[in-house]
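A short write-up of the structure that comes next.
The values are calculated or read from the model by the stated rules, or taken from the named source; none is laboratory data. Here the structure is a predicted model, which is why all the values come from computation and not from measurement. Using ideal geometry, Cβ is built from the backbone for each residue, glycine included, and neighbour counts are taken over all protein chains shown. The area values use the complete protein model at the heavy-atom level, side chains included, leaving out ligands, DNA and RNA. Shrake-Rupley method; radii C 1.70, N 1.55, O 1.52, S 1.80 Å.
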Amino acid sequence: MIHTRALTKDFTVGRGEAVHAVRGVSIDIEPGELVAVLGPNGAGKTTLMRMLTTLISPTSGEATVAGHDIATHPARVRRRIGYVGQGNGAGHTQRVHDELYTQGEIYGLDRRAARTRADELIEALDLGALRERKVSDLSGGQRRRLDVALGLVHAPPLLFLDEPSTGLDPQNRANLWEHILRLRERHGMTVVLTTHYLDEADTMAERVVIVDHGRVIADDTAEALKTKLAGDRLTVGSPDVRTLSRLAEALPGARDLASSGERLELRVSDAPTAAAELLFAARDAGVPVTAVQSHRPTLDDVFLTLTGRSLREESSEVSK
Amino acid sequence: MSTLVRDTRIVMARELRPVRRDPFSVIFGMVQPLVFLGLFGPLLVGSLGGQAGVLGGSVWQWFVPAILVMTALFGTSATGANLLFEFQTGAHERMLVTPLSRPALLIGRALKEMVPLAGQAVIIVLVMTPFGFRPHPGGALIGLALLAVFGIGLGSLSYALAIAVRKQDWMFWAVQQTLIFPLMLLSGMLLPLETGPSWMRVAARFDPLAYVVDAERALFAGEWSADVAWGWVAALTTAAVGLAVGIRAMVRSAE
Ligand SMILES: Nc1ncnc2c1ncn2[C@@H]1O[C@H](COP(=O)(O)OP(=O)(O)O)[C@@H](O)[C@H]1O
Ligand SMILES: [Mg+2]
């Protein structure tokens with residue numbers, strides 16, 4: 001559905017100074033996939049998406065999207081994709097139903113079909129009570145649902161969502177996701193979204209592409225990324241941390257051991273099994289253990305392993 | 001070609017929908033011209049009305065056609081702000097990802113400018129008739145058509161300006177205000193240039209607005225003079241240049 005080869009975008013800002021927003025991205029996304037592009041603010045997610053949706057042309061590299069080259073056949077690409085940008089797609093002076101109707105006309109539906117389609121989407125995205133409301137009078141969550149509806153008018157085989165849930169409260173986010181997933185189920189859409197919410201990428205996406213400084217630094221299922229790149233964490237309490245460390249070193253996949261006071265922390269490939277093993281070994285060696293706690297890694301741990309920085313901190317810093 | 005026409009119609013219909021839903025918004029574009037009519041008109045009568053010949057027979061006959069041009073000037077030159085707003089919200093970006101033809105995004109918007117403008121002009125003419133304004137019917141219709149063509153051009157230029165300054169949006173009003181007042185004063189819209197210094201009359205020859213104002217005065221008086229022809233030349237040129245510049249800007253507006 002999407003194939004990019006060394007896709008690159010440089011912006012010139014100020015006096016000939018170049019910003020390398022996207023640097024040589026090559027990815028392949030198959031029909032039906034649900035892919036989250038995760039990365040801190042400024043990583044190049046929006047720029048990547050703006051190239052794939054034909055809004056801006058790449059500095060170098062190539063891409064085919066929905067079967068057509070973005071450089072040579074942008075018009076064909078546009079017919080086959082839906083796009084929900086970072087801002088508000090719906091014009092603020094328009095009314096909800098009007099804007100959906102116009103979108104239908106743009107994609108070649110006749111009057112009646114455009115009206116029916118607008119009604120269907122209003123129903124599907126729970127906008128019924130807001131039909132005649134002006135967009136500027138909608139709440140953030142309602143407006144976002146309308147934006148998604150606009151992206152779906154022509155039932156595109158491929159849908160791009162740029163930070164669909166940024167700025168929404170947890171309930172509205174969950175609600176929006178429910179809608180997106182249901183519509184995806186019904187239409188068998190391929191969905192590519194960007195986010196800087198770790199939990200969103202983790203729980204919703206089947207595949208996570210981590211982007212940093214314009215490059216793809218990891219690409220796999222969230223589970224595989226966590227297991228391969230971060231591993232579980234184990235925290236063990238004991239008055240004899242020294243002996244315990246020695247025993248822990250023998251555990252499968254043990255690394256990053258760190259002890260402080262009566263606490264030992266380490267990474268292992270499978271925390272529950274390792275915990276049991278360590279407990280047996282400690283008992284045999286006569287080392288008392290006061291507490292054991294295991295943590296599954298998060299995508300933030302993955303990002304930390306890859307870059308030495310925490311995604312959580314970066315995102316909150318920029319959004320301040 | 002047929003997609004261009006179809007897309008232009010879609011864009012125009014979308015732009016007109018808020019006007020249709022809220023017809024009173026048309027009135028806001030008339031605030032400044034009405035202020036000039038109500039507050040400046042009487043002063044004009046007081047100071048120049050007595051000097052026979054300067055303004056012709058009736059002050060209103062001289063002033064109302066000019067106020068119609070002023071309505072076009074204020075309304076259509078400000079319309080780029082609407083597009084600027086759609087840049088900021090993301091609505092314009094959404095349209096650029098659809099298969100809509102990019103020239104249509106400009107032409108549809110520019111053509112739409114005719115509608116509120118015609119509405120405003122008709123209201124002004126109707127309001128002024130009881131005060132002794134007597135438009136020549138045929139001339140008035142042609143005058144409105146001339147104004148519509150000119151409005152398309154000004155609107156296009158306003159959109160082009162909005163696109164050019166989209167990354168420093170405060171510049172929009174700075175440039176618009178800086179251009180609008182010299183154009184207006186040099187056109188002889190508010191006060192006759194005949195009483196001004198000769199350099200002003202020379203400068204006025206380069207102001208397309210001046211030709212449009214003269215043509216409107218002639219048309220509303222039912223005089224078929226060369227002024228009318230020159231007015232059409234000015235309006236058509238403004239429309240052609242405006243559309244060309246605007247379309248170019250629109251095609252590049254995604255970057
Ligand atoms: N139109 C532009 N002109 C100049 N620089 C830009 C432009 N768009 C994005 N950038 C820069 O490119 C980098 C990537 O931005 P972006 O793609 O918006 O990141 P993200 O969506 O991941 O937050 C940033 O450094 C940003 O400042
Ligand atoms: Mg972004």
- Query: Among A:ILE56, A:LEU38, A:ALA248, whose Cα lies farthest out toward the positive end of the dipole of chain A, if unit charges sit on the beta carbon of Lys, Arg (+1) and Asp, Glu (-1)?
  - Reply: A:ILE56
- Options A:TRP177, A:MET204, A:ALA271, ranked by Cα towards positive dipole end of chain A, top entry (Cβ charges): A:TRP177
- Item | Spherically averaged projected area of the protein assembly as shown from its Cα convex hull (nm²) | 33.8 nm²
- Quick tally, 1.4 Å probe accessible area for B:ARG14, B:ARG9, sorted with the most first, runs B:ARG9, B:ARG14
- Message: With unit charges on the beta carbons (Lys and Arg positive, Asp and Glu negative) and the dipole taken about the Cα centre of chain B, which residue among B:PRO192, B:ASN82, B:SER47 sits farthest to the positive side?
- Response: B:ASN82
- Note on the protein assembly as shown, DSSP bridge orientation, antiparallel percent to nearest 5 equals 65 percent
- Query: Hey, what's chain A come to in accessible area per residue, 1.4 Å probe, Å²?
  - Reply: 45 Å²
- Can you pick out the pairs among A:LYS45/B:LYS167; A:LYS9/A:LYS228; A:LYS228/B:LYS167 whose Cα atoms lie more than 32 Å from each other? A:LYS228/B:LYS167
- Task: Could you tell me which of rounded, prolate or oblate describes chain B, using a ≥ b ≥ c as the square roots of the eigenvalues of the alpha-carbon gyration tensor, with rounded for a/c under 1.5 and, failing that, prolate when a/b is larger than b/c and oblate otherwise?
- Result: prolate
- Degrees between helix B:59-78 axis and first principal axis of chain B (Cα, 0 to 90, nearest 10): 20 degrees
- Other chains' Cβ within 10 Å of B:14-23 residues: what's the mean? 4
- Across the residues of A:103-112, average count of Cβ atoms on other protein chains within 10 Å? 3
- Query: Averaged over peptide A:88-99, how many Cβ atoms belonging to another chain are found within 10 Å of each residue's Cβ?
  - Reply: 6
- Relative to the longest principal axis of chain A, what angle (0 to 90°, nearest 10) does the C-alpha long axis of helix A:271-285 take? 10 degrees
- Query: In degrees, nearest 10, range 0 to 90: what is the angle between the Cα axis of helix A:170-187 and the longest Cα principal axis of chain A?
  - Reply: 70 degrees
- Given a 1.4 Å probe and every protein chain left where it sits, what share in percent of the accessible area of the protein assembly as shown is carbon and sulfur? 59 percent
- Message: Which positions within region B:91-140 get 40 Å² or more of their accessible surface covered by the other protein chains, compared to the chain by itself, with a 1.4 angstrom probe?
- Response: B:GLU93, B:ARG94, B:VAL97, B:THR98, B:PRO99, B:ARG102
- Item | Only Lys, Arg (+1) and Asp, Glu (-1) charged, at Cβ; chain A dipole about Cα centre in debye | 820 debye
- Message: Charges at C-beta only: +1 for Lys and Arg, -1 for Asp and Glu. How large is the resulting dipole of region A:108-240 about its Cα centre, in Debye rounded to 20?
- Response: 660 debye
- Accessible area that becomes buried as A packs against B, both chains, 1.4 Å probe, Å², nearest 100: 2500 Å²
